[in-house]
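Any read-out appearing in this document is the output of simple, stated calculations on the displayed coordinates, not a laboratory observation. None of the values given here were measured: they were computed from a predicted structure. When we count neighbours, we look across all protein chains shown, and the Cβ atoms used for this are built from the backbone with ideal geometry, even at glycine.
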Amino acid sequence: MNNNALKKNELIDNFNNKKSSKYINFFKSLFSYKWAVVSIIWLIIIINTAIFANIISPHDPNRNNIMERVAPPLAQDKQGNIKYLIGSDGLGRDSFTRLLYGARVSLIVGFASVFVGGFIGISLGMIAGYYGKLTDDVIMRLADIQLAFPFILLAILFLVVLGEGLINLILVLGIGQWVTYARIARAQTISQKEKEYVEAAKALGESHTSIIFGSILPNILAPLIVIASFNVASVILAEASLSFLGLGVPHNIPTWGAMLAESRDHIFAKRWWLPFFPGMAILITVLAFNIIGDWLRDYLDPRLKEVE
Amino acid sequence: MFIYILRRLPQTILVIFGVTLITFIALQIGGDPTYLFVSERASAEEIELTRIKLGFDRPLYIQYFSYLFNIMRLDFGDSLYYRQPAMDVILETLPATIELTLFAMFIAIFGAIPFGIFAAIKRGTWIDGALMAVAMLGQSIPSFWLGIMSIIYLSLPISWLPISGHVPFLMPIFQGNFIEGIKNFPTTCLYLILPGFAVAFYSLSRNARLIRSSMLEVLSQDYVRTARAKGLSEYAVVINHAMRNAWLPVVTIIGLEFGFMLSGVVVVEVIFAWPGLGRLVFDSISHRDIPLVQASVVVIALIVIILNLIVDLVYAKLDPRIKLS
Amino acid sequence: MKKLLTGLIAGASVLFVSSIGFSAPSDDTFVVGLPTDTKGLEPAQISSRHTANIMKHMFGTLFFISEKGTLDPNLAESYSVSDDAKEYTFVLKDGLTCHDGEALTAEDVAYTFNRVVDPELAFVGNSAGFVFPSIDFQSARADSELEVTIVMGAPNHVALGLISEVYVHCKDSYEKMSKEEAAENPIGSGAYEFVKWDKGSQIVMKKVANSAVPANFENLIWRVIPEASTRTAELIAGNVDMITNASPDQVDVIDASSTAKVQKVSGTRRMYVGFHQGEEYAVTEGGKAIQKSEVRRAIQYAVDVEAICANLLNAPCERATGLVNPNNAHPTLKPYPYNPEIAEYLLDQAGYPRDANGVRFEITLEAGQGRYLNDKNVVLAICQYLDDIGVKTTCDIMDWSSVYVPKIRKKEAGPMFFLGSGGGTWNPLYDMSDLATVESGPNYTKWDNPEWFKGWKVINNSMDPFVIRREIDRMLEVFYNEGPWLLLYFQPDFYGVSNRVKWQERRDEEVDIFDASLR
């Protein structure tokens, strides 16, 4: 009885220490990696921009005014007030407003496709790892098939047949990434399923589903979040390329990729502001997600073997 | 080794099946595929005739097997836009893309090695920081922007650097005209520089970071410390001992790399007027030339699969542990 | 050993560098930069201006039509017309050959024409789809060694010009080839012979010794460079002598360079927004509205065409007054001015006031993109102008070749659609033949106003130029007041031309390299 009480106190102590040291470690790691802090701040900025775009924007993103096209940054109207903060585009639309609204699309596409891909990938990966044998084989073969397709070709094939649109884009980009989650989820599940808590759950008669998604999942989320971060970066870049190829979202939805693609003809004409601002927006955001992914991976380092 | 190939073969074949199934589904997913194969002016009877001629009135599973059978004979039907067999059009543009992709992979691997190793050796110094910063940037820039920038700011001012276009090297070789191919080789290389870099930069950056971290890991291992203790210089340590193991992770991802690079190739080929398969895909999308899109996608996927197989075999040869798994 | 190795490497490097071919064209070569490749090199299957321009250097036609409408001999040296004006007989030059050596005689010309409508070959394109129906082609026959007659179903004032759009080739060579082979292996009859086609990259031609028409440059290379910035870069670098379709935003850059200039020309292509008049479109409120001529007239005042030209096309223009090019247009009609207040007033009067949300009616404007100069932006600007006067417009911009063109061909684009129609300067009737009959292919609005169409009977039955012109003017007034087109502009063309060469551009989008020369 005494032993048990001791053990119990020990356990509770350990648990408390772990919890507080967990948080301390987290923030210690974060602040030592100063670029990660900057990245998270940037992320907060653009999330807010996306949410409040219609409140803070000075103009309508789609209203064109061809008499005032390609105005340089800080262009003024007749009263001397600054009308176009970072200039206007080829149709006289305010670039600043479009940049703000563009954040919406980048984030929505980024997060939604990661959600779709993550959902499919993690589920399939965990199922493959947990049940093994035939299920594992089938799912891994599916993964091989998917990997055989250069991502953009898959996107092209389906977007050409299905047509353009935000939902189609999210679906295509999401389905393109599921394998990246599946592989890690599977490897992690395999190593987790021999652990005690799983045995315990099985002994308690829990269903497989609740074991997989209830018990194992929380323990393997960490590396998956790392992957997710890198994937958001890739998706934002992919959207830019697809816009360049004319397979992005419809023209009345401003996106950074489309703004960059539309600026092509103007680069030569030395209208630097047209490619610069959306280009920087893409660059910084992608960089931010890459840095966050890097930091998360380093922070979780001892627990991971290979994550890319 | 042979047994390994034997074991991998059914897997590969299965993947090929899967790829064809996906492209088959893609075609059917939008409804009656007949409309994708007829030209704009077709009358209702013509459409019906085409539907029967192409077999879209048959049950789906028969259609699929017939499609599979055709693929094995490399018969993808006729391109709507060019009005000739899709395979012929693809074969004409394939050599150019192979040139570009091989060159890009070469840069992405052998360019990254000194990059990554140097950064690892100089770990912690500003050199390391600078190199890694460039690598991070490299993974954050859209390749088409890089391409246009390099045209305007590099090839225009530098007169000997070509802007766009292509001088064929592989194509004459494939046709047996070795003399012309060899004669063109230097010029082909010159034309390959900018587009090759535009395609490779992302992968080069990623590989550099990979090599650096793998190098760091290797450098901290016991046998390396032993070598250092023996008094060998840092460079000797690196080259003789560490490198042998450090670049294995890179080999692992070469197969994936090729597939990934193809995404950049499409865009770069358009900008640099490189007449390859990527550009063909782009054009056939604009024309909604579905037979050609489908054929291109299958051909590229097949190439990636075969390449992966080769890479796996090479890896198996290099790392004896794998053979036994 | 090391020395040998170093020596070998040095030697190889020198060899390597010296064998690098540089890209500036030599003195006997003219290089053109095109935005798209051609579909094929089949002379009977030409459906774009690009391909036509390439083909006209490889294949001869019966006559050349200059911009002013004068006839210059090409393969034929003279012609005569039958009494009923339905048969045109051409006398060919003597001693003509095709590029494979076969003699080019009347039999070959007749074969060429009859082949176009061969049901087994089922050609579509300019000849089979526009020229032949327009002249109501019946048959072609060789009357003698050098005389060939084209038989039409009815008299046609522009027959000569239309017949001259057909590219002539020899019989023996084309009889032997299948349709697929012919598309890749053209055997021509023109000033330049086909050397090779590197698909997606370039088409190379070489001058023939004994062509019917003189040409200056020995070699002609058509390079495909899809990206506009890259095309401009190649021009400025001097690797390309001429680029078609210079982007309006890059015109100033080219002009500012010391190596090239832009030759701007006011083109002949009529750009317009069609108001669909078919019953199938009268079902929506907007569709019904634009079928009233008062509404169409009101909308004419709503669009600032001159601002569009000046800002989006970088080429000041005068708005069109009709569908005929300015040199042949109605002498006194003035273009509709930009006046949104009048537009709003007229719409009020027509029975379409603004509702509580400021909307008069809703309508869709369909367009393709990538075909015309800055088309996407022009269409978006027009939609904005319409929005501003209360016509809530949905701008539906779709893919040109695969979605929009089929819609247009089936006359199903609408209720408003943006389109360009190639025109000419040599005869107003050519421009007006878009609407020769209600069933005419190019009558995409399905317009059927009898006041317009009855004019054709008068014109076709008269030989008196005074009567014809009077009727033309009457018809153009009808078009101005009640026509189915929102009148826009004639598309300007920008040709970037290197300072190395001298080349004369044409207004009708045709490109002639025959007379180009080194400066």
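Relative to the longest principal axis of the Cα atoms of chain C, the long axis of helix C:228-237 makes an angle of roughly 50 degrees. Quote the FRET efficiency, to the nearest 0.05, computed for residue C:454 versus residue C:263 with a Förster distance R0 of 45 Å and r equal to the Cβ-Cβ distance. Efficiency computed from Cβ-Cβ geometry: 0.60. Modelled this way, with points 7 Å down the Cα-to-C-beta line, the labels at residue C:409 and residue C:341 are 4.8 nm from one another.
Run the dipole for the protein assembly as shown about the Cα centre, Lys and Arg Cβ at +1, Asp and Glu Cβ at -1, nothing else charged, and hand back the magnitude in debye, nearest 20.
Numbers: 99 positive and 117 negative charges, 1175 e Å.
Roughly 5640 debye, rounded to the nearest 20.
Tell me, what is the FRET efficiency for residue C:462 and residue C:144 to the nearest 0.05, using R0 = 25 angstrom and their Cβ-Cβ distance as r?
On the way: r = 33 Å, r/R0 = 1.32.
Once rounded, the FRET efficiency stands at 0.15.
Region C:238-288 and region B:262-298 have Cα centres lying 26 Å from one another.
Helix C:340-349 axis versus longest C-alpha principal axis of chain C: approximately 50°, rounded to the nearest ten.
Kirkwood radius for the protein assembly as shown, taken over all pairs of different Cα atoms as the inverse mean of 1/r, rounds to 33.2 Å.
For peptide B:285-292, how many partner chain Cβ atoms fall within 10 Å of a residue's Cβ, on average? Mind showing how you got there, number by number?
Working: counts 9, 10, 6, 7, 3, 4, 0, 0.
Taking all residues of B:285-292 together, the mean is 5.
When you look at the Cβ of every residue in B:302-311, what mean number of other chain Cβ atoms sits within 10 Å? Please report the intermediate quantities before stating the final value.
Numbers: counts 1, 2, 5, 5, 1, 1, 3, 0, 0, 0.
That works out to 2 on average.
With the helix formula -39500 (n - 2.57) applied to DSSP H stretches of n ≥ 4, the protein assembly as shown reaches a computed 222 nm mean residue ellipticity of -17000 deg cm²/dmol. Please work out the C-alpha center-to-center distance from region C:464-478 to region B:155-200 and express it in whole Å. Each part's Cα centre sits 60 Å from the other's. Here, region A:194-308 is characterised by an Rg to Rh ratio of 1.23, where Rg is the alpha-carbon radius of gyration and Rh the Kirkwood radius. Can you find, among C:339, C:291, C:358, the residue farthest towards the positive end of the dipole of region C:291-394? Put +1 on the C-beta of Lys and Arg, -1 on that of Asp and Glu. Positive-most Cα among the choices belongs to C:291. The label point for residue B:57 and the one for residue B:4, both projected 7 Å from the Cα toward the Cβ, are 5.3 nm apart. Couplings 3J(HN,Hα) for region A:66-74, derived from phi with the Karplus relation 6.51 cos²θ - 1.76 cosθ + 1.60 (θ = phi - 60°), are 5, 5, 10, 6, 6, 6, x, x, 6 Hz, where x marks Gly and Pro.
Which order do the peptides C:270-283, B:176-189 take when ranked by the mean count of other beta-carbon atoms within 10 Å per residue, highest first?
Details: C:270-283: 19.9, B:176-189: 15.8.
Highest mean packing first, the order is C:270-283, B:176-189.
Seen against the Cα atoms of chain C and their longest principal axis, helix C:2-18 is set at about 50 degrees. Region C:258-304: percent of C-alpha pairs farther apart than 14 Å? When every Cα pair of region C:258-304 is considered, 65 percent fall beyond 14 Å. Computed from the Cα positions only, the extents of chain C along the three principal axes stand at 93, 69, 40 Å, in decreasing order.
Given a cut-off of 18 Å, name the pairs among C:93/C:176; C:39/C:206; C:39/C:179; C:86/C:446 whose C-alpha atoms lie farther apart than that in the structure shown. The partial results should precede the final answer.
Details: C:93/C:176 25 Å; C:39/C:206 21 Å; C:39/C:179 13 Å; C:86/C:446 28 Å.
Pairs exceeding 18 Å: C:93/C:176; C:39/C:206; C:86/C:446.
Which links in C:288/C:392; C:207/C:261; C:410/C:457 stretch past 20 Å when you go from one Cα to the other? Provide the component values of the computation, followed by the final result.
Values: C:288/C:392 15 Å; C:207/C:261 27 Å; C:410/C:457 26 Å.
C:207/C:261; C:410/C:457, as the Cα separations exceed 20 Å there.
Each peptide in C:364-373, B:198-207, A:97-106, C:195-204 gets a packing score, the mean of other Cβ atoms within 10 Å over its residues, and the list from highest to lowest is B:198-207, A:97-106, C:364-373, C:195-204.
Please give the average number of partner chain Cβ atoms lying within 10 Å of the Cβ of each residue in B:14-25, rounded to a whole number.
Taking the mean over all residues of the peptide, I get 4.
Hull volume per residue, based on the alpha-carbon atoms of region C:337-397 and their convex hull, is 85 Å³.
What FRET efficiency, computed as 1/(1 + (r/R0)^6) with R0 = 22 Å and r the Cβ-Cβ distance, is obtained for residue A:115 and residue A:47, rounded to the nearest 0.05? All intermediate terms of the calculation are to be shown ahead of the outcome.
Numbers: r = 15 Å, r/R0 = 0.69.
According to the calculation, E is roughly 0.90.
For region C:399-519, the equivalent ellipsoid built from the Cα gyration tensor has semi-axes of 32, 23, 12 Å, listed from largest to smallest.
DSSP assigns beta bridges within the protein assembly as shown; of those with both partners inside it, close to 75 percent run antiparallel. For chain C, give me the percentage of DSSP beta bridges that are antiparallel, rounded to the nearest 5 percent. Around 75 percent of the beta bridges assigned by DSSP in chain C are antiparallel ones. Here region A:158-245 has an Rg and Dmax of 17.7, 56 Å, counting Cα atoms alone.
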